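Undergrad: Got a structure here, written out as structure tokens. Questions coming.
The values are calculated or read from the model by the stated rules, or taken from the named source; none is laboratory data. What you see is a predicted model; the values in this text were computed from it and never measured. Reconstructed Cβ throughout: ideal geometry from the backbone, glycine too, with neighbour counts over all protein chains shown. Ligands, DNA and RNA are excluded from the accessible area calculation, which covers all protein heavy atoms including side chains. Shrake-Rupley method; radii C 1.70, N 1.55, O 1.52, S 1.80 Å.
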Amino acid sequence: MNPTIASREPKRGRGRLQLLLILAVVLGPMLLASAMYRYGFWVPQTRSYHGVLIANGQDRTAIGVTTATAERRWELLVTAPQGCEAQCQQLVYLARQINIGLAREAARASHALASATTLDATYEQRLRREYPQLQRHALDATIYAGNPEAPAEPQLWIVDPHGNLVLRYDADAEGKAILDDLKYLLKISQIG
């Protein structure tokens, strides 16, 4: 038996093994990812936000807020389709507190109220006195009622600087959760 021929045979088998390992390393993750996407296994069920995600590209006009702001900042928008009663007033207060809670990032956000009806005169005076930076917008109640994303009770919306709706919160939402969501959006955002 020739010693050079005997030493080549194990290398050929080893080369095939190396080729198969390289293919497995390259194609294995792609096949696994495709199977995970198609069959939905090993997909995390948790989420990192607390509100209702508005992921269909709606802007503020989709909920009946037609007034455009000149400032390109993130906005905490409170909508009051049936007047601003106790829940709405709580959300207006919460929006201001969240804006203050942003600390050094507070200049990147604002808070606003969109109401479909005229406000009570005493509450209107209170808003002027206690909420001087609160922006006011008109709310078209028919457009708001026609949107399935917009419930009939007062809501707090996070709106990006382009006017797109990002997240929606009910009147019973926790301020800390909204603040955490807005801080995260400001952290990952390069706009506003």
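Undergrad: Taking segment 161-180 as the search range and keeping residues that are out of contact with any helix residue (DSSP H, G or I) (no Cβ under 7 Å at 6 or more places or on another chain) and crowded, with 17+ Cβ neighbours inside 10 Å, which one is farthest from Ala107 (Cα to Cα)?
TA: Checking each candidate, the answer is Ala173.
Undergrad: Next question. Counting only residues that are aromatic (Phe, Trp, Tyr) and assigned to a loop (DSSP other than H, G, I, E, B), which one in segment 36-64 is surrounded by the most Cβ atoms within 10 Å (Cβ to Cβ)?
TA: Kept after step one, since they are aromatic (Phe, Trp, Tyr), are these residues of segment 36-64: 37, 39, 41-42, 49.
Subsequent filtering for residues that are assigned to a loop (DSSP other than H, G, I, E, B) retains 41-42, 49.
Working: Phe41: 9, Trp42: 9, Tyr49: 15.
Selected residue: Tyr49.
Undergrad: Inside segment 80-192, counting only helices (runs of 4 or more DSSP H) that do not spill past its ends, which hold 3 or more residues that are within 15 Å of the chain's Cα centre (by Cα)?
TA: Working: elements: 86-101, 121-130, 141-146, 175-188.
Of the helices (runs of 4 or more DSSP H) lying wholly inside segment 80-192, those with at least 3 residues that are within 15 Å of the chain's Cα centre (by Cα) span 175-188.
Undergrad: Out of (1) open to solvent by less than 30 Å² (accessible area, probe 1.4 Å); (2) modelled with pLDDT under 90, what's the single condition that is false for Gly192?
TA: Checking Gly192 against (1) open to solvent by less than 30 Å² (accessible area, probe 1.4 Å); (2) modelled with pLDDT under 90, the one that fails is (1).
Undergrad: In segment 51-79, which residues are more than 16 Å from the chain's Cα centre (by Cα) and touching a residue at least 12 places away in the same chain (Cβ under 8 Å)?
TA: Thr61, Ala62, Ile63, Gly64, Val65, Thr66, Thr67, Ala68, Thr69, Glu71, Arg72, Thr79
Undergrad: Report, by residue number, each residue of segment 107-157 that is open to solvent by 60 Å² or more (accessible area, probe 1.4 Å), of a type in the set (Ser, Thr, Tyr) and more than 16 Å from Thr66 (Cα to Cα).
TA: Matches in segment 107-157: Thr118, Thr122.
Undergrad: Quick check, is Thr67 in contact with a His (Cβ under 7 Å, 6 or more places away or on another chain) and either open to solvent by 60 Å² or more (accessible area, probe 1.4 Å) or of a type in the set (Ser, Thr, Tyr) (or both)?
TA: yes
Undergrad: Assess whether Ala109 counts as being touching a strand residue (DSSP E or B) at 6+ places or on another chain (Cβ under 8 Å), in contact (Cβ under 8 Å) with a residue 24 or more places away in the chain and under 23 Å from Asn147 (Cβ atoms). Spell out the reasoning first.
TA: Details: touching a strand residue (DSSP E or B) at 6+ places or on another chain (Cβ under 8 Å): yes; in contact (Cβ under 8 Å) with a residue 24 or more places away in the chain: yes; under 23 Å from Asn147 (Cβ atoms): no.
Judged against the criteria, Ala109 is not a match.
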